[in-house]
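What follows is one structure encoded as structure tokens, with my remarks underneath.
Every number here is computed from the coordinates shown, using simple stated rules; none is lab data. Keep in mind the model is a prediction, meaning the values are calculated, not measured.
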Amino acid sequence: MTRPLVTVPLDLLETSSIDWDIDWRGQPGTESTADTTQVVFNRFPRWVGSLSLTHTRELIGRWRALRWSAQGRAGIYQLPMIDPGVFNPLKMLTDQQAALGNQLTLPNSAEAYIGPVAVAAEAAAAGASQIRISIPVMGLAPVVGQIISADDWPMGITSVTPEGMDTYLLGIQMPLRAAIASGDTIRLVGTGRFEVIDDMAGRAGYGQHLVSTPSIEFREVLTR
């Protein structure tokens, strides 16, 4: 069976709560007589996320239709891992525009979250814990804790070393799941492919004020 792939538009991701993290999927062992604890890692780690959304009347039906298209746990959600508390490109560019006296042309809100990209400055093999990127847009320097991605494989930035001009050496976790080539696109707002944990996840009930506040939990799909 081919799993349906649904792309979540940015305007359906108006959030009141965001929580992205890596589930290392370690299994606790027993405590030894030496008073040490063993942890067994025998499953692949993956990204997980929890979002609390706010949908007004205009969006309730669209969100419902998107969930129907995903067919519960069968579907794969392709979505931007928005994280404005750590990396907000629209605010960064707005602040830069103010500093330069309105000399910049800002992207629209959709481009601000999904559009900003970097390129791989050199190739990196699967398993690498560092990558080197070049960012062509002035003012969008990467930051520690930011989530980026290559080909829908998310990665979190653990260190940033500027190397002059627009090039940065980044420490990343988890290590690359797939090799990247020099010149490959790196999304500065990471995107990933996720599934829901329950068929009824994200149900969009509402009351007389016609505002829905669904909550939904995602876990990364590791098979392609």
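Brief remarks follow.
- For segment 137-224, the direction-averaged projected area of the alpha-carbon convex hull comes to 8.6 nm².
- Extension gain (nm, one decimal) between D11 and T161, 0.36 nm per residue minus Cα-Cα: 50.7 nm
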